[in-house]
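Visitor: The following block contains the structure, expressed as structure tokens.
The values are calculated or read from the model by the stated rules, or taken from the named source; none is laboratory data. No experiment lies behind these values; they were computed from the predicted model shown. Glycine also receives a Cβ, built like all others from the backbone with ideal geometry; neighbour counts cover every protein chain displayed. The protein model used for the area step is the full one, side chains on, heavy atoms only, and it has no ligands, DNA or RNA in it. Shrake-Rupley method; radii C 1.70, N 1.55, O 1.52, S 1.80 Å.
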Amino acid sequence: MNIHEYQAKAMFRESGVLVQQGFHCTTVDQALSAYDSLGSDVVAVKSQIHAGGRGKGDLFCPDSGDLVMQGGVKVAFSRDEVGDFASNILGHRLVTKQTGPSGKMVSNLYVEAGCDIAHEYYLALLVDRERDSILIMGSTEGGVDIEEVAETSPEAIHKAWFDPSEGLDEEVAGALGSSLGLSGGSHSSFLEMIGNLSSLFVEKDCSMIEINPLVRTGEGSMVALDAKVSFDDNAAFRHPWWDDLRDISEESDVEVRAHEHGLSYVELEGNIGCLVNGAGLAMATMDVIKLYGGEPANFLDIGGGADSESITAAFGIILEDSRLEGILVNIFGGIIRCDMVARSIIEASEETGLQIPLVVRFSGTNHEEGRKVLEESELDVITVSTLGDAGEAIVNTIEGGSS
């Protein structure tokens with residue numbers, strides 16, 4: 001689950017992470033009042049959407065499609081500029097690299113006091129599943145895409161790891177700060193910040209914290225000038241307060257309905273629907289589709305404990321996409337039984353009148369029974385044993401070849 005910058009900044013502030021004073025606004029009048037309250041000669045007027053690249057995005061009129069303004073994050077030097085920027089941002093569609101061409105409607109603003117910036121850095125905390133650890137990644141090249149830095153200046157990216165059950169070791173944190181060229185008061189400020197962020201990450205069950213830029217001020221303090229926070233949905237039962245942070249307007253109708261059924265759904269740009277149990281398996285499934293020249297239309301994880309009702313709902317949600325030319329089902333049976341999934345697929349196909357190619361790969365609990373259920377049904381389905389065969393079969397079938 002993602003949250004807005006202004007919500008993440010509030011969490012940072014409560015956790016002792018330095019941020020600039022700012023106000024959440026939903027109207028132009030509120031933005032002007034925020035400027036008056038901040039008492040700062042320079043303020044940042046920031047669009048709030050669940051996507052990165054806001055500063056480099058373009059704002060379009062939702063009715064005419066005309067370009068309104070370039071950049072969804074603006075620096076204002078007067079009250080009038082705050083009003084102009086707020087008017088051009090609110091109620092308009094912001095298109096960034098991460099939103100896709102459809103963009104996202106901007107309904108929220110964050111007006112924040114200006115900052116004395118001496119240098120910009122990049123900082124992120126992520127889950128490293130290969131090491132069963134939390135990865136801290138920092139760079140002296142802040143304010144730009146980290147992918148660009150990784151490609152052009154890999155030596156500028158520094159990494160450190162810590163065990164979430166043990167917490168961040170001060171020596172490890174100190175070494176990371178030194179690798180970023182920090183010393184004296186700035187180094188001490190970084191140690192305090194990274195310690196607070198690591199505790200926040202673990203306590204709140206985050207899956208990502210990204211600050212770009214993290215800045216060193218002229219006085220040597222380290223301030224989070226940006227804040228992106230995502231939570232691990234699997235820990236939602238421990239944090240009922242997450243519901244208060246969720247912005248349904250940032251999600252499509254189909255994503256909202258998927259969430260209600262306990263499904264993780266993200267719409268993509270392709271034409272091959274995917275129904276998979278497990279996020280890692282879902283990623284691998286999308287990779288193998290692309291390996292054979294296809295394009296996935298969605299990420300859909302039904303989870304390890306899905307039942308017949310949620311599987312039927314998932315199948316129905318996938319088939320709402322008019323772009324689909326085929327569906328690949330990839331299930332690894334653990335708690336979930338492949339024969340139950342097979343019966344749910346048949347039921348959902350009958351209800352929806354499935355008319356496009358379907359490839360199913362079962363492995364694990366009752367996988368042989370599941371394949372038998374499908375093969376003995378009247379459903380037009382191709383069953384395979386391996387993930388590679390599944391990707392090849394769905395792509396070839398759509399292209400008119402043999403599987």
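Visitor: On the given criteria, is Arg257 of a type in the set (Lys, Arg), touching a residue at least 40 places away in the same chain (Cβ under 8 Å) and in contact with a helix residue (DSSP H, G or I) (Cβ under 7 Å, 6 or more places away or on another chain)?
Guide: Yes; evaluated as a whole, the condition is true for this residue.
Visitor: Restricting the search to segment 6-15, which residues are touching a residue at least 40 places away in the same chain (Cβ under 8 Å) and open to solvent by 40 Å² or more (accessible area, probe 1.4 Å)?
Guide: Tyr6
Visitor: Of all residues in segment 1-44, count the ones that are acidic (Asp, Glu) and in contact with a strand residue (DSSP E or B) (Cβ under 7 Å, 6 or more places away or on another chain).
Guide: 1
Visitor: Among the residues of segment 1-28, which ones are more than 19 Å from Ala76 (Cβ to Cβ), in a helix (DSSP H, G or I) and touching a Ser or Thr at 6+ places or on another chain (Cβ under 7 Å)?
Guide: none
Visitor: Count, please, the residues in segment 257-313 that happen to be in a loop (DSSP other than H, G, I, E, B) and touching a strand residue (DSSP E or B) at 6+ places or on another chain (Cβ under 6 Å).
Guide: 5
Visitor: Those residues that are over 19 Å from Glu267 (Cβ atoms), open to solvent by less than 40 Å² (accessible area, probe 1.4 Å) and in contact with a Leu (Cβ under 7 Å, 6 or more places away or on another chain), I need them from segment 304-344; list them, please.
Guide: Across segment 304-344, the qualifying residue is only Ala342.
Visitor: For segment 260-270, name all the residues that are closer than 28 Å to Gly391 by Cα and either free of Cβ contacts under 8 Å to residues at least 60 places away in the same chain or crowded, with 18+ Cβ neighbours inside 10 Å (or both).
Guide: Answer for segment 260-270, where residues must be closer than 28 Å to Gly391 by Cα and either free of Cβ contacts under 8 Å to residues at least 60 places away in the same chain or crowded, with 18+ Cβ neighbours inside 10 Å (or both): His261, Gly262, Leu263, Ser264, Tyr265, Val266, Glu267, Leu268, Gly270.
Visitor: Next question. Can you pull out the residues in segment 140-156 that are out of contact with any helix residue (DSSP H, G or I) (no Cβ under 6 Å at 6 or more places or on another chain), at pLDDT 80 or above and open to solvent by less than 40 Å² (accessible area, probe 1.4 Å)?
Guide: Residue satisfying the conditions is Gly142 alone.
Visitor: Also: Can you tell me which of (1) free of Cβ contacts under 8 Å to residues at least 24 places away in the same chain; (2) out of contact with any Ser or Thr (no Cβ under 8 Å at 6 or more places or on another chain) is the one Glu141 doesn't meet?
Guide: Every listed condition holds for Glu141 apart from (2).
Visitor: Related question: When the residues of segment 322-339 are filtered to those that are touching a helix residue (DSSP H, G or I) at 6+ places or on another chain (Cβ under 9 Å) and modelled with pLDDT under 90, which remaining residue is nearest to Glu399 (Cα to Cα)?
Guide: The qualifying residue nearest to Glu399 (Cα to Cα) is Gly333.
Visitor: In addition: Could you list, in sequence order, all residues of segment 89-129 that are β-branched (Val, Ile, Thr) and touching a Lys or Arg at 6+ places or on another chain (Cβ under 7 Å)?
Guide: Once the filter is applied, which keeps residues that are β-branched (Val, Ile, Thr) and touching a Lys or Arg at 6+ places or on another chain (Cβ under 7 Å), segment 89-129 yields only Thr96.
Visitor: Somewhere in segment 316-328, is a residue touching a His at 6+ places or on another chain (Cβ under 9 Å) and under 24 Å from Asp253 (Cα atoms)?
Guide: Among the residues of segment 316-328, at least one is touching a His at 6+ places or on another chain (Cβ under 9 Å) and under 24 Å from Asp253 (Cα atoms), which makes the answer yes.
Visitor: If you scan segment 354-367, which residues turn out to be open to solvent by 40 Å² or more (accessible area, probe 1.4 Å) and either touching a His at 6+ places or on another chain (Cβ under 6 Å) or more than 22 Å from Leu281 (Cα to Cα) (or both)?
Guide: The answer is Gln355, Ile356.
Visitor: A further question on this structure: Condition (residue is of a type in the set (Val, Ile, Thr), closer than 13 Å to Ile311 by Cβ and open to solvent by less than 20 Å² (accessible area, probe 1.4 Å)) applied to segment 384-398: is it met by at least one residue?
Guide: no
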